[in-house]
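The values are calculated or read from the model by the stated rules, or taken from the named source; none is laboratory data. Note that this is a predicted model, so its numbers are computed, not measured. Here the Cβ is made from the backbone with ideal geometry for all residues, glycine too, and neighbour counts use every protein chain on show.
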Ligand SMILES: [Ca+2]
Ligand SMILES: [Ca+2]
Ligand SMILES: [Ca+2]
Ligand SMILES: [Ca+2]
Ligand SMILES: [Ca+2]
């Protein structure tokens, strides 16, 4: 029995039980679940008879597509019809050809003016205003390590304070975070690119407004000497910073005792920090996708993009990266770049990656894998468009390198690997005070000192991992919310979390083990 | 006032307050502290008048050295006299030239028969004999992680059990160790060399006899799928192994609860393990130097080499690596190689490194740095000889790649970086049940499940970091013990630690944060 299914009218992103049309110019729709051959659907008032079986996540032609005509999804070209495709036909690798077309394009050909919210109507949140003007969403004490050799001592200091109960007296202190890593020695030093990236990352964390205080802990004889590491640091004047090495302190016990003493001494002062009302324009939202599925690119990523658009309209900043995952769709970003300089910076990083990955025989050309194809992704463009969707629709105002400070307001791209902890670490180092993480498979992630909001791309995942997921973007696929409505909910939650509301990953205790600076140096 | 100083008679390694002669064929001695110009020393009954001031760690000519004559230390050529050097003259870069000579040499030109201790007189220790015949020195429960994304859940399981007090009922269980790392996804998969090295490392830990039980914890969607990771594993039949993923369990809380439940269920059985008397030939001693100083190569490393010689004479195995730090002295190892195959394997790895380090502009050619030179090291050979010294004097029976199982008895070389946690992780993965770590600057290190013994190269360090150091090899420089006596003490301690005696680093709580598999994959 073939019951016609009525599509929801929202033309930009119509959701129903069966088919999602992502953009009014699209000539394909995406099946949310398997649609049997012969099913009759009603799309925007017209009838669509599915000639083939359309597996979930796969595409169906909304109208006749002539041979060589562009196939459009997200309003973008994802490939070209390899032959005439009839209305209602399954659209996939068997009838879509991928060929190069001028993708790098000119900067700014797709610019649009940002519809800024009037200053007096802009959103606010409750944040910790630091004396250098930056705003924290949390009030942590950080222990940074120059090298793996001081990791255990750093963890011992943090756990001794956390377990002593002393923090109960200081409710405005969110905790002591020991950020440890595996590098800092056995690498090239000054002048080595990877070494400089590690130092830049540590500097970014030291500078982060979510840290009221920083203790830098070293061993003593490491390549990453604390004196060199902290040269040129200019932190907020109200941020207490101190450092020590295990060797100078005379061993582990003395180091831990001294670290605990120094931090306990600071607690009364740090506890005096108070949240005040600050404009949302102070926020830098980091966006990340991990454990993607067929829904990532059609529910959670576009919804997060809508939230980013909102934040930017309120004067704020949103940053995303994962250069390896936007490869093939970079023209969509350069065409939105506000300057040729910004477009060129992005293309320069793309070129860098093309070379970089050859060092171990990997490839940045993330053509759909057999698994991707089984899930309905036809071309590299379609795949990368799903990742780009979280960048929303505003202009690209800046491109920064990994862990560089993010200073622009608007949409920023940071060059990072797609690997979640490395990507997030770079964006937090850049200054992001809130992170939103979309996941289809169910990623477990936190990134102290920045709270991480988890967005499930589909309802079954949300139901299965309720303890870990903050938002169910499956509501879009379920036809309960439009992308815009979902984006508004995410935006509201971002402000609430920025104001102190605990995320699921904070409640679970994530964030101490996911500090993973991008390792680029050769281990010697 | 120039008081003649009498050298201790031990011809191989004579120590006194002023000068150390490391080998009877040496034509230079090493000043342990500054010796003023005009000081008269008595060396082996003859008089040595120091013509120059000799800084501590620097060399003095024991007799006239003709122009172009080899300069010998450790009985080895470290360079050639650039001009005639008079007896009593300072020997350093101003009068020593380094030139290539045939170093790669023939395999086996310096072989000597091992003076094995008769079977019935061989040493024993108290170890955990596993049903596959392997022997543990500790009785831990291990949680291995396939990917960084399961790190927090793994730590939560371990800390919940450790903090619950339940282990108090099970005195034969040494604890629960969560070994987390930063990789496992965002890399190439099957066929990628770095990915295979990670899997090999995890396999080695799973197989380690110091683990009575293994829980493999994953996220679910990672590149390093547990099914692929554990393919072909053949662990000891008495080792319980189980695995799970956070995604299949339905989130973090469910995963932690299930992990705690599974481990608690195993405790009564694992607690039944008993130490029994086993031969020292079952031991694999890993040797590592880190935070080296001018004394490393003349006190702790040769003393550790003497201990390794003893262990090997008792039928055991000693392994060392740090390919980047023996570079330039590889001919000393190939000339001791028991087969051309073994010699070729070492040279093949050396050639691999020469290429590998070019990828970020680093160099394996660790010529003495300005700091090294100020400390008295004249040539790359002299520097690398100090690292090779911990290999003792027995024949080289095998060369293995990073984290490969160590199966030979005798002296084995493992190709590893010099970076301490990466080096140690490889050797523990290879099966080492005890590690001895020499340090001049004061490294803080542990490598669960294997105990780490810390050997200070000098007395001031030992005094300053007594809480962290197990042995004071400064006694050699102080003239209190010969290298052989020091080596015997280390050997005795190795047996005691293998039998359960706690090391300083175990007492302090090291070993959970120093698991650092060699990262060779490009982060994508
Ligand atoms: Ca992604
Ligand atoms: Ca990612
Ligand atoms: Ca215990
Ligand atoms: Ca070393
Ligand atoms: Ca080392």
Worksheet entry | Unique residue being crowded, with 24+ Cβ neighbours inside 10 Å, touching a helix residue (DSSP H, G or I) at 6+ places or on another chain (Cβ under 7 Å) and within 14 Å of another protein chain (Cβ to nearest Cβ) when the list is A:179, A:198 | A:179
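Listed here are the residues, each with its yes/no results for (1) away from chain A (no Cβ under 11 Å); (2) buried (at least 24 other Cβ atoms within 10 Å of the Cβ); (3) within 19 Å of the chain's Cα centre (by Cα).
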{"site": "B:448", "(1), (2), (3)": "no, yes, yes"}
{"site": "B:452", "(1), (2), (3)": "yes, yes, yes"}
{"site": "B:466", "(1), (2), (3)": "no, no, no"}
{"site": "B:485", "(1), (2), (3)": "yes, no, no"}
{"site": "B:500", "(1), (2), (3)": "yes, no, no"}
{"site": "B:514", "(1), (2), (3)": "no, yes, yes"}
{"site": "B:523", "(1), (2), (3)": "no, yes, no"}
Fill in: Residue count, the range B:472-488 (criterion: closer than 27 Å to residue A:152 by Cβ and touching a residue at least 40 places away in the same chain (Cβ under 8 Å))
2
Discussion item. Can you tell me which condition residue A:234 does not meet? The list is (1) within 29 Å of residue A:412 (Cα to Cα); (2) modelled with pLDDT of 95 or more; (3) not assigned by TED's automatic domain parsing to the domain that holds residue A:387, and all the others hold.
Written reply: (2)
Worksheet item: Is the range B:223-234 home to any residue that is within 14 Å of another protein chain (Cβ to nearest Cβ) and either more than 25 Å from residue A:420 (Cα to Cα) or in contact with a strand residue (DSSP E or B) (Cβ under 8 Å, 6 or more places away or on another chain) (or both)?
Response: yes
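Take the conditions facing chain B (nearest Cβ under 9 Å) and part of a helix (DSSP H, G or I) and apply them to residue A:154. Does it pass?
On the way: facing chain B (nearest Cβ under 9 Å): yes; part of a helix (DSSP H, G or I): yes.
Judged against the criteria, residue A:154 is a match.
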Practice prompt. Would you please name the residue that is farthest from the other protein chains (Cβ to nearest Cβ), looking only at residues in the range A:403-426 that are out of contact with any strand residue (DSSP E or B) (no Cβ under 6 Å at 6 or more places or on another chain) and away from ligand 2 (no atom under 14 Å from the Cβ)?
Written response: A:407
Discussion item. Please count how many residues of the range B:156-165 are within 12 Å of ligand 3 (Cβ to nearest atom) and either under 24 Å from residue B:209 (Cβ atoms) or crowded, with 24+ Cβ neighbours inside 10 Å (or both).
Written reply: 2
Discussion item. For the range B:357-373, check the following and say yes or no: at least one residue is crowded, with 24+ Cβ neighbours inside 10 Å and within 14 Å of another protein chain (Cβ to nearest Cβ).
Written reply: no
Practice prompt. Give me a count of the residues in the range B:182-191 that are within 11 Å of chain A (Cβ to nearest Cβ), modelled with pLDDT under 95 and within 20 Å of residue B:401 (Cβ to Cβ).
Written response: 4
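Give the residues of the range A:27-48 that are in contact (Cβ under 8 Å) with a residue 24 or more places away in the chain and under 25 Å from residue A:460 (Cβ atoms), sorted by residue number. Please lay out each step first, then the result.
Of the range A:27-48, the ones in contact (Cβ under 8 Å) with a residue 24 or more places away in the chain are A:27-32, A:35-36, A:38-44, A:47-48.
Within the range A:27-48, A:28, A:29, A:30, A:31, A:32, A:35, A:36, A:39, A:41 meet the criteria.
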Discussion item. With the condition being within 37 Å of the chain's Cα centre (by Cα), I'd like the strands (runs of 3 or more DSSP E) fully within the range B:24-91 carrying at least 2 qualifying residues.
Written reply: B:28-31, B:40-43, B:59-61, B:70-73, B:76-81
Item to complete: For the range A:1-39, enumerate the residues that are over 30 Å from residue A:304 (Cβ atoms) and at pLDDT below 90.
Response: A:1, A:2, A:3, A:4
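If you check residue B:507 against the conditions, is it under 30 Å from residue A:257 (Cβ atoms), surrounded by fewer than 24 Cβ atoms within 10 Å (Cβ to Cβ) and free of Cβ contacts under 8 Å to residues at least 12 places away in the same chain? Show your work before the answer.
Numbers: under 30 Å from residue A:257 (Cβ atoms): yes; surrounded by fewer than 24 Cβ atoms within 10 Å (Cβ to Cβ): yes; free of Cβ contacts under 8 Å to residues at least 12 places away in the same chain: yes.
Here the answer is yes, as residue B:507 does meet what is asked.
Looking at residue A:429, is it touching a residue at least 12 places away in the same chain (Cβ under 8 Å), surrounded by 24 or more Cβ atoms within 10 Å (Cβ to Cβ), within 13 Å of another protein chain (Cβ to nearest Cβ) and closer than 28 Å to residue A:498 by Cα? Don't jump to the end; show me each part of the working.
On the way: touching a residue at least 12 places away in the same chain (Cβ under 8 Å): yes; surrounded by 24 or more Cβ atoms within 10 Å (Cβ to Cβ): yes; within 13 Å of another protein chain (Cβ to nearest Cβ): no; closer than 28 Å to residue A:498 by Cα: yes.
Answer is no for this residue.
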Worksheet entry | Out of A:296, A:339, A:335, sole residue that is surrounded by fewer than 22 Cβ atoms within 10 Å (Cβ to Cβ) and either within 19 Å of residue A:23 (Cα to Cα) or within 16 Å of ligand 4 (Cβ to nearest atom) (or both) | A:335
Discussion item. For a quick check of your reading: which strands (runs of 3 or more DSSP E) sit entirely within the range A:256-338 and have at least 3 residues that are more than 16 Å from ligand 2 (Cβ to nearest atom) and more than 16 Å from the chain's Cα centre (by Cα)?
Written reply: A:276-279
